[in-house]
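Participant: I am attaching a structure below and will ask some questions about it afterwards.
Read the figures in this text as sums done on the coordinates, not as results from a lab. In this text the structure is predicted, and so the values were computed from the model without any measurement. Methodologically, a virtual Cβ is constructed for each residue, glycine included, from the backbone with ideal geometry; neighbour enumeration extends over all protein chains shown.
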Amino acid sequence: MRSDIRLAEVTEENWLEAASLSVREDQKEFVAPATGILARGYVYRGCKAKVHVIKNGETAVGLALVREFTDEPLGYDLQIIAEGTGNGFLPRREG
């Protein structure tokens, strides 16, 4: 299977698709729900936060939230939710 992984901007046209993404039950303690990630992107807009839809072709398989930290040490916060785990998009959690 050929993957065409890319990042897409969250828009008025695709935000409902982005909000409907979920993870397996055993992953829920590790990752915020999609609606939480979208909300954090809005709340942290002053830190240049941006939420991207991770797409495989035209199918949304995840979300990535990237924001700048303004406190020392400087860095970035990256949070990913993906329905594509186990398909080579993200590592599968063993155990």
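Participant: Tell me, what HN-Hα J-couplings in whole Hz come from the Karplus equation 6.51 cos²θ - 1.76 cosθ + 1.60 at θ = phi - 60° for each residue of the range 46-53, using x for Gly and Pro?
Facilitator: Whole-Hz 3J(HN,Hα) from phi for the range 46-53: x, 9, 6, 5, 8, 9, 10, 8.
Participant: Additional query: What's the local net charge at His52, with K and R +1, D and E -1, over the other residues with C-beta under 11 Å away?
Facilitator: +2
Participant: Sticking with this one: With a cap of 15 neighbouring Cβ atoms within 10 Å, and only residues DSSP puts in a loop, list the trypsin sites (Lys or Arg not before Pro) found in the range 1-68.
Facilitator: Sparse-neighbourhood loop trypsin sites (Lys or Arg not before Pro): Arg2, Arg24, Lys28, Lys48.
Participant: Suppose R0 equals 25 Å; then what is the FRET efficiency for Thr35 and Leu7 from their Cβ-Cβ distance, rounded to the nearest 0.05?
Facilitator: So the FRET efficiency works out to roughly 0.80.
Participant: Next question. If I stretch the segment between Val43 and Leu16 completely, what's the gain in nm (0.36 nm per residue apart, minus their alpha carbon distance), one decimal?
Facilitator: Extending this stretch completely gives an extra 7.9 nm.
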